[in-house]
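Heads up, the thing below is written out as structure tokens.
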Amino acid sequence: MQKKIIGGVFQDQQDAINAIEALKMDGYATEDITVFSKNKNDLDALENKTGASTTDDSTSKGKGASIGKGAGIGAGSGGVLGALVGLGLLAIPGIGQIAAAGPLAAGLGGAGIGAGGGGIVGALVGAGIPEEHAKDYEAYLKKNHIVVLVEADIDQESKVYDTFNTHRTENSHMYPDNHQRGMRL
């Protein structure tokens, strides 16, 4: 079955926690959900309240396994920086240090993307996210927002969009027209 990575962007930590809890109630395991934040305290709170765990497993499957494909995009934007995946921290060119958990985060660290390989835009493009959306996620991270990503089966997309919208995602403009906040048909 075809899958798509869908993201929600949250300014408020509690909204992100509520969205993750709703995803879990819809059948997603914590291992299916990726979270990025510039604020390590956000990631700690998300881990404590949702059971999500920071990972240092670079043998991820699915979209995270091929994350290095887009590493060349934006490679000139940063020097060689270390990735501290075991601590849930990644040094990302153009953004700085971010806290990360989940399969895409594991793929990001395992592929060495944070270590000067092109930053988060290239990594997300390599995972299958359109470049314009990847650039938007990077911009949100720079503004200290929390980015929550989940790989959804095509038949579950609407539910994921609705979950993120219900919990006040700030990026519904990135969704298909019929899933933008206030536009659900």
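The values are calculated or read from the model by the stated rules, or taken from the named source; none is laboratory data. Only a predicted model underlies this, so the values are computations on that prediction, with no experimental measurement involved. We place every Cβ from the backbone using ideal geometry, glycine too, and count neighbours over all the protein chains shown.
Details
- Restricting attention to the stretch 1-57, the residues being of a type in the set (S, T, Y) and at pLDDT 90 or above number 1.
- Residue within the stretch 81-103 that is at pLDDT below 85, in a helix (DSSP H, G or I) and hydrophobic (A, V, I, L, M, F, W, C) present: yes
- Among the residues of this structure, L141 does not count as one that is assigned to a helix (DSSP H, G or I), surrounded by 19 or more Cβ atoms within 10 Å (Cβ to Cβ), aliphatic (A, V, I, L, M) and modelled with pLDDT under 90.
- Just so you know, in the stretch 117-134 the residues that are within 12 Å of the chain's Cα centre (by Cα) and assigned to a helix (DSSP H, G or I) include one that is modelled with the highest pLDDT, and it is H133.
- Scanning the stretch 151-168 turns up no residue that is in a loop (DSSP other than H, G, I, E, B), charged (D, E, K, R), farther than 21 Å from A29 by Cα and modelled with pLDDT under 95.
- Tallying residues that are crowded, with 24+ Cβ neighbours inside 10 Å and not in a helix (DSSP H, G or I) within the stretch 8-41 yields 7.
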